[in-house]
Every structure is written in C-alpha cells, then in structure tokens.
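K.L.:
Structure below; questions to follow.
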Amino acid sequence: MAKNKIKRDPIPENFKSIEQAAEFWDSHSLADYWDLTRPAHFKVNLKHRRYLVALEPKLLRQVSRKAEQEGISAETLINVWLTEKLRETITTD
C-alpha cells in the first residue's frame, strides 16, 4: 500500500528577501517538508555581551526623551555619552 502523499507547494530555490522567506514559512509547516531537511553542523561564538545597569526612573525618562529628539535609541545615546565621558577622563589623567 502506497503512502498518502501530501500535496505541498515547492520550496523556492532562492528567496529574494528575508521577508519572502518569512511569508513562505508563515503559511507553510516545516512538518510537511521534513523529508527534505538535513542535519546542519555549525559553531557559535558569542563574544558580544550586554550588561544591564539600573537607572533612576526620572533619569531614564529624560534620556529617552533626548534620544527620541536625536532619532536614536536610549541605549545608543547612553553608550555615546559614556564613551565621550571616558575619553575626556582618559585624556585628562
């Protein structure tokens, strides 16, 4: 007795964009394509680390407003300011 074959759309050979790939997989189940998969072997080396630092709520609101005026994230603004301050400190030591 032959297995029932599921009718499925072919996977595009190349997606033109990440959005196109996302659209395809948002509307298709990987379970229907499992027979086309193969094991993947790779290494991950995460060197970039993030640290959480507590800020006073009022200070964070002020920084967030300033960052919005500048068109950047509060995180970016804080990093720029800290970098500038450190450079000032290093050059005056």
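K.L.:
Give the residue from Val80, Leu36, Ala54 lying farthest towards the positive end of the charge dipole for the chain; charges sit on Cβ (+1 for Lys and Arg, -1 for Asp and Glu) and the dipole is referred to the Cα centre.
P.N.:
Of the candidates, Leu36 comes out farthest on the positive side.
K.L.:
Which ³J(HN,Hα) values, rounded to whole Hz and listed in residue order, are derived for segment 41-54 from phi using the Karplus coefficients 6.51, -1.76 and 1.60 in 6.51 cos²θ - 1.76 cosθ + 1.60 with θ = phi - 60°, glycine and proline given as x?
P.N.:
Each residue's phi maps through the Karplus curve to give 10, 7, 10, 10, 10, 8, 9, 7, 10, 10, 10, 8, 10, 6 Hz.
K.L.:
In nm, what is the difference between 0.36 nm times the number of residues separating Phe24 and Lys43 and their Cα-Cα distance?
P.N.:
Fully extending the segment from Phe24 to Lys43 adds 4.1 nm.
K.L.:
Can I ask one more? Could you list His28, His48 so that the one with the fewest beta carbons within 10 Å of its beta carbon is first and the one with the most is last?
P.N.:
Result, fewest neighbours first: His48, His28.
K.L.:
Using the Cα centre of the chain as the reference point, and only Cβ charges (+1 on K/R, -1 on D/E), how large is the resulting charge dipole? Debye, rounded to the nearest 20.
P.N.:
340
K.L.:
Given a Förster distance of 25 Å, report the FRET efficiency between Glu13 and Arg50 from their Cβ-Cβ distance, rounded to the nearest 0.05.
P.N.:
Between Glu13 and Arg50 the formula returns 0.10.
No lab work stands behind these numbers, since they all come straight from the coordinates. In this text the structure is predicted, and so the values were computed from the model without any measurement. When we count neighbours, we look across all protein chains shown, and the Cβ atoms used for this are built from the backbone with ideal geometry, even at glycine.
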